[in-house]
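Here's the structure, in structure tokens; my notes come after.
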Amino acid sequence: MSDAPARDREVVAGAIFHGGRLLLAQRTRPPALAGRWELPGGKVEEFESPQSALVRELREELAVEVRCGARIGVDVPLSRGMVLRAYRAELVSGEPVALEHSQLRWVDAEELLSMDLVDNDRAWIPELLEELSAL
Ligand code: CDP
């Protein structure tokens, strides 16, 4: 863990759509978020672009190769000046495996609305639903 101040750091999350569904991942940590669902992702490291961070995080967490696409939805402010941003992620190779989450689920629009998403990710529901209904 770095001692660098977290201020102005970015967290990226990836929306992977496939076969008319969106991939959600169930968190294992911290205790307050364990069991809740999110778009997989993580912190951008120093000197790393958000796009490279997304590719790295999804490789580490899901064992897939993705191409980072367009932004989706609003910037979500986190604590200590951090900001959370979602990007579309296109699967290039591999089948997602839950290496760091407790499970994965491919959801359609109706299921997305019934999932216990982490609060931050709820900000993107309108755009995610729009995308799912267009697929
Ligand atoms: O894996 P890493 O430690 O780099 O990051 P993380 O713990 O997955 O995410 C960093 C912060 O962003 C945490 O506070 C998460 O709760 C938040 N986050 C989120 O709200 N929604 C996501 N889809 C991904 C991360």
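The values are calculated or read from the model by the stated rules, or taken from the named source; none is laboratory data. Since the structure is predicted, the reported quantities are computational estimates derived from the model, not experimental observations. Quick reminder, even Gly has a Cβ in these numbers, built from the backbone with ideal geometry, and neighbours come from all protein chains shown. Only protein heavy atoms, including side chains, enter the accessible area calculation; ligands, DNA and RNA are left aside. Shrake-Rupley method; radii C 1.70, N 1.55, O 1.52, S 1.80 Å.
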Requested in this report: Output the relative contact order of the chain, whole-number percent, from Cα pairs under 8 angstrom with separation of 6+ residues.
Outcome: 32
Query raised in the report: Across 5 Å bins from the origin, how do the percents of Cα pairs in the chain run, short distances first?
Result: 2, 10, 21, 25, 23, 13, 4, 1, 0
Query raised in the report: With all protein chains present and a 1.4 Å probe, how do Arg29, Arg71 order by accessible area, largest first?
Result: Arg29, Arg71
Query - Accessible area in the full protein assembly, largest first, 1.4 Å probe, for Ser133, Ser102 - result: Ser133, Ser102
Report summary line: Helix 50-62 sits off the longest principal axis of the Cα atoms of the chain, rounded to the nearest 10 on a 0 to 90 degree scale, by 70
Query raised in the report: Roughly how tilted is helix 125-134, in degrees to the nearest 10 and between 0 and 90, from the longest Cα axis of the chain?
Result: 40
Report summary line: Amide H neighbours of Arg36 at under 5 Å, excluding residues fewer than 5 places away on the same chain, with H built from the backbone geometry, are Arg27
Query raised in the report: Which whole-number percent is the relative contact order of the range 15-84 (Cα, under 8 Å, 6+ apart)?
Result: 16
Query raised in the report: Taking K and R as +1 and D and E as -1, what net charge do the other residues with C-beta under 14 Å from the C-beta of Ala123 add up to?
Result: -3
Query raised in the report: Once you list every other residue whose beta carbon is under 11 Å from the beta carbon of Val55, what net charge do they have if Lys and Arg are +1 and Asp and Glu are -1?
Result: -2
Report summary line: Expressed per residue, the solvent accessible area of the range 29-104 in Å² (1.4 Å probe) is about 54
